[in-house]
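Written out below as structure tokens is the structure these notes cover.
The values are calculated or read from the model by the stated rules, or taken from the named source; none is laboratory data. What you see is a predicted model; the values in this text were computed from it and never measured. With ideal geometry, Cβ positions are generated from the backbone for all residues, glycine too; neighbour counts draw on all protein chains shown. For the accessible areas, the whole protein counts, side chains as well, though only heavy atoms, and no ligand, DNA or RNA atoms are used. Shrake-Rupley method; radii C 1.70, N 1.55, O 1.52, S 1.80 Å.
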Amino acid sequence: MRTFLDIPARVWDSFHREPHTHRPRRHPLRMIDNLFLHVHPNRVSPISLRPTTTLGLGLITASFFIILVVTGVLLMFYYVPAVPEAYERMQDLIYVVRLGRVTRDLHRVAAEGMVVAVFLHALRAFYTAAYKPPREFNWLVGLALLTLTLALSFTGYLLPWDQLAYWAITVSTGILSYYPLFGEPVRELLLGDRSVGQEALLRFYVLHVFFLPAITFGLIGYHIWRTRKDGGLAAQDHTGGARASNAPRAESRLQPGRRSPAKASTPAGISEEPITAYPLLLWIEIAVFLAVLLVSLGIAIAFPGRLDALANADHPPNPSKAPWYFIGLQELVSYSAAWGGVVVPIAVLVVGVLLPYVDRDPRGAGRWFAPERRGVIALASAVVIAWLAFTFIGAFARGPNWVFYWPGQPWPGPG
Amino acid sequence: MLIRWQWIALVLSLILAGALAGLGWFESRPGWARYQREYIRLAADRPANEAATESRLEIRQIEIAALNRVDRCATCHLGATNPKMADAPLPFTTHPALLDSHPPEEYGCAICHGGEGRAVTTAEAHGEMPGQHGRLIPDALLPSACYACHGSDTLPPSDTAVVAEGIKLINEYKCLRCHQLDGVGGSIGPDLSAVASQRNWVEIYAHLLRPDALSPGSTMPDFGLRRGEATAIAAYLLTRLGPGERVTDVMYLVAEPALAGTPAPNEAVTSDIAPGDIVSENIAPGNIAPGDIASENIAPGDIASENIAPGNIAPTRRSYEAIAPGYDGRRLFEGLDCSVCHRVGLKGGEVGPDLTHIGRGREAAWLRDLLTDPARAFPDGQMPAYDLSEAQVKALVDYLVTLK
């Protein structure tokens, strides 16, 4: 009898490749010996675990990604990337498929949430100067992931094949044609045609459900692994104790003998000694994931997405707006196609890529809004605020023919 | 620290489990199930009713493969084919006549009634959610559904009277000066050949009553249509479906009589409609409820007076010769509806140039040439030739040169 009762425990042990034990000294093996857990560090600084250090934004972004993969696979059971079946499938999904509407809305909310979270995560990395050596390359990986997140959201935007989807993609890909030389060929490569149609739907679908998620998944793994190898979070560089990971010391790649002046800023009262990550880190992750899922589900139920009329190439809605994360760009383009559509975005991108290779001054690394970085922080904040303002104007203050209306001011017509 | 996070995870997972359970509970009680229970109760009151034995709650759908349609209307409209439900309230009542010749299992519902056949909530199925195209067609406009497939040849004129009235008005208001139908007409406004597959009746109706409501910045003039007129024109435009959208496109063919083409120039209209009785009723699109149309006084009997077949609807010949003799240029200007396109002072459209000060810039001779043959004076212009008599041209020119 006892043989049978012990089966669950034996399965559990066999999963871990080690007999279960509560001896803390064995805990690191739990992480190391497990394929799914080994991206975690063995030991982690309490500073890294403090919510104010990172606001948990990387974890939140990853949680959104998991929700997106699961709901996305569920949606794939119903979706057909064809004109006009795609739209009919969407109708069936939200009208009659059991839990179909909430699955779709959860996917939509998590996608928007991931875009927001990945932006905030990048801002956190900037404002805490986490991109400084030796983490320059991981900043680039992060930028690539930000781009991939936008691309994933953008390709998914077309799939419902309603008027909103069709014209948002038409407007956004239209911005590409302002780029000299490569703009038009890239646009046609993306759409498979001169305008958005069956070819574009198929291409966006393949990109959305296979190509981009596969790359994103791989890069997320690399991003997390690299974070660990680069010495954990920048915030814990300044702890006096042993380092949290087996990575080479960050300082060893800086000028020899130069220690970070930020050491003194470590607040008293928190032990700087790294602690074993298992199982605390896992529980934190589980809690954050559950919170993200719960909030997404609440928003998905409270604010169901709409499905407009079937896409119609002859009847652009007025105004046609890009997805919200490109509305700032659309607003810029409305002032000047060349400056707003080409020069400004490329300049921002180039500065973002070069930032860690230009700004190598280690002062302020790992601290929020370090006063030593006043200049660069002010500059970047101005860009972020301007971008938010353009997005806000484009989203809420632009009516038919892209004419300015105060938010709440009635547009001519039924709106 | 560890215990705290474990508690947080536990509480969150309990809330999540509760939320999922609630979701499952709501999902298992769809709104249509309430209608089906009510129907079963009603049917049970009627003796010897077969439907009374049917008690399974389920979505009922009709698939029409040829049209690629799925209609789930019968999920709530349960008594449509049950003659015993004639006295039952909506949505359970029996469908009035017609279903013998149009069996729903073959045609579905939305092909005539509009709406979003795949949806199973009232607001979504009737197309009342923002952005939806398939809007339930009100009774007053239903003749367009008959006309879309049958034309007027095989139907009694009273059945399609509102459509015939619409054709008459389209000719009278000269819609084809700007709009195209099947390749006939002007190019200023959009082609309306398949307008019903792009716009629903609410949009068409609202656009007719207040053109800038649907298309902000539209140059289409406000013709000051009465609601009955807008209803009739909308009724015709609703028959303009796209290829493959008619039952007749895929099931059998009935030749559709062609609409009278562009009105011949000399058949232009004078205004025996006094300006007073077409003053637009200041209709904001928001307050056009479906009920408005039903309340209009366009009972079929009203319009069926003449035997109207689309072929023989020539535009009404209200000759502006009536304004003669001694042509008053100003009255002629109004009678020809020049102000539909041209503005004088505060009144008039924006399709053509503003004529408020035309007398300052143009000589009488130049104006005379233009009015005689617009195509020669402005080869690329959009102004149609009106084939005016010499006396009429002179009267108009005499009026125009006074505009300074």
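In percent, rounded to a whole number, the relative contact order of chain A is 24, using alpha-carbon pairs under 8 Å and six or more apart.
Express the carbon and sulfur contribution to the solvent-accessible surface of chain A as a percent, rounded to the nearest whole number, probe 1.4 angstrom. Whole-percent figure for carbon plus sulfur exposure: 70.
The mean count of C-beta atoms from other chains within 10 Å of the C-beta of residues in B:124-131, rounded to a whole number, is 3. Taking amide H atoms as placed 1.01 Å from N in the peptide plane, the amide H of A:VAL80 has no partner under 5 Å among residues 5 or more positions away or on other chains. Interface between chains A and B: roughly 3100 Å² of accessible area buried, both sides summed (probe 1.4 Å, protein heavy atoms only). Here the Karplus curve 6.51 cos²θ - 1.76 cosθ + 1.60, taken at θ = phi - 60°, turns the phi angles of region A:197-203 into couplings of x, 4, 4, 4, 4, 5, 5 Hz, with x standing for Gly and Pro.
Scoring A:146-154, A:381-389, B:389-397 by mean Cβ neighbours within 10 Å over their residues and listing the highest first yields A:146-154, B:389-397, A:381-389.
In the complete set of protein chains, residue-level accessible area for A:MET90 is approximately 20 Å², probe 1.4 angstrom.
Computing FRET efficiency as 1/(1 + (r/R0)^6) for A:TYR178 and A:THR52, where r is the C-beta to C-beta distance and R0 is 51 Å, gives about 0.75.
The packing ranking, built from the mean of other Cβ atoms within 10 Å per residue, places the peptides A:337-347, A:130-140, A:363-373 in the order A:130-140, A:363-373, A:337-347, highest first. Per residue of peptide A:282-288, the mean number of Cβ atoms on other chains within 10 Å of the residue Cβ is 6.
Think of chain A as having a plus end and a minus end, set by charges on the Cβ of Lys, Arg, Asp and Glu; of A:TRP139, A:THR149, A:GLN330, A:TRP139 sits farthest toward the positive end of this dipole. Go from 0 up to the bin containing the longest alpha carbon distance in region B:84-239, width 5 Å each, and give me the % of pairs per bin. So the P(r) values, bin by bin, are 2, 8, 15, 21, 19, 15, 10, 6, 3, 1, 0.
Cβ neighbours within 10 Å, averaged per peptide: list A:5-15, A:174-184 in order, most packed at the top.
A:174-184, A:5-15
For B:ILE137, the residues whose amide H sits under 5 Å from its own are B:GLY114, B:GLY115, ignoring neighbours fewer than 5 places away on the same chain, with H placed 1.01 Å from N. How large is the translational diffusion coefficient of region A:179-241 in µm² per second when you combine the Kirkwood radius over alpha carbon pairs with Stokes-Einstein at 10 °C and 1.306 mPa s? Calculated translational D: 106 µm²/s. Remark: accessible surface ordering of A:TYR335, B:TYR35 (largest first) is A:TYR335, B:TYR35, probe radius 1.4 Å.
Over all Cα atoms in chain A, the spread is summed up by Rg and Dmax: 24.2, 79 Å. Each Lys or Arg adds one and each Asp or Glu takes one away; over the other residues whose Cβ falls under 12 Å from the Cβ of B:GLU63, this sums to -1. Rounded to the nearest 0.05, the FRET efficiency derived from the C-beta distance between B:THR81 and A:TYR405 at R0 = 30 Å is 0.05. Amide H to amide H, with H built 1.01 Å from N, B:GLU245 comes under 5 Å of no residue 5 or more places away or on another chain. The listed residues B:LYS168, B:LYS174 rank as B:LYS168, B:LYS174 when sorted by accessible area, largest first, using a 1.4 Å probe. With all projection directions averaged, the alpha carbon convex hull of region B:23-125 covers 7.2 nm².
Set the Förster distance to 45 Å, then compute FRET efficiency between B:ARG360 and A:PHE210 from the Cβ-Cβ distance, nearest 0.05. Here the calculated transfer efficiency is 0.05. Full extension of the chain segment joining A:PHE36 with A:ALA302 gains 92.4 nm, where the gain is 0.36 nm per residue of separation less the Cα-Cα distance.
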